[in-house]
1. How far apart, in nm, are the 7 Å Cα→Cβ label points at residue 104 and residue 82?
2. Can you return the lysines within cross-link range of residue 43? Criterion is Cα-Cα under 21 Å, with same-chain partners fewer than 8 residues away left out.
3. For the ranges 98-104, 110-116, 31-37, what's the packing order if you count other beta-carbon atoms within 10 Å of each residue, average per peptide, and put the highest first?
4. Report the Rg/Rh value for region 1-72, based on alpha-carbon coordinates and the Kirkwood definition of Rh.
5. For region 109-122, in order, what is each residue's ³J(HN,Hα) by Karplus, 6.51 cos²θ - 1.76 cosθ + 1.60 with θ = phi - 60°, in whole Hz (x at glycine and Pro)?
6. Probe radius 1.4 Å, ligands and nucleic acids left out: which of 89, 6 has the largest accessible area, and how do the rest follow?
7. If you take the charge dipole of the chain about its Cα centre, with +1 on Lys and Arg Cβ and -1 on Asp and Glu Cβ, which of 3, 28, 55 is farthest toward its positive end?
8. Where does the charge balance sit around residue 53 when Lys and Arg score +1, Asp and Glu -1, over other residues with C-beta under 14 Å from its C-beta?
Amino acid sequence: QVQLVESGGGLVQAGGSLRLSCAASGRTFTPYVMGWFRQAPGKGREFVADITWSGGRPDYADSVKGRFTISRDHAKNAVYLQMNSLKPEDTAVYYCAAATGWGIVTTPLSYNYWGQGTQVTVSS
């Protein structure tokens, strides 16, 4: 079984930065793609970014393009989300997810494994 553990959330002022980390542990970990999603109160889980595990090709939601950067580290079995120029509307619980097969990477249903989430709060 694969376990994903996020860290790095917190409270930050608008315009500030945070770096989220997601560490994978468990059986041999070879996902097809790793993703970050977020969920604000009263809203559905929203795609933020993804990266292919082998080629490292990133993709972003339009709402975060140019502000967020996703990266991965094979040696550490980890994926990161650098978030800059944060806005109050970025406030949400952020989830790391792993997909072991091909699918529509922007939809949560394509992902097999999920972390517990980490809270990001951006004050105005």
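The values are calculated or read from the model by the stated rules, or taken from the named source; none is laboratory data. These figures come from a predicted structure and were not determined experimentally. Neighbour counts run over all protein chains shown; Cβ positions are idealised from the backbone, glycine included. When the accessible area is computed, the model is the full protein with side chains, heavy atoms only, and any ligands, DNA or RNA have been set aside. Shrake-Rupley method; radii C 1.70, N 1.55, O 1.52, S 1.80 Å.
1. 3.1 nm
2. Straight-line reach from residue 43, under 21 Å: 65, 87.
3. 31-37, 110-116, 98-104
4. So for region 1-72, dividing Rg by the Kirkwood Rh gives 0.97.
5. So the J values, rounded to whole Hz, are 5, 7, 9, 8, 10, 9, x, 7, x, 9, 7, 10, 10, 10.
6. Sorted descending by solvent-accessible area, the residues read 89, 6.
7. 28
8. It works out to a net charge of 0.
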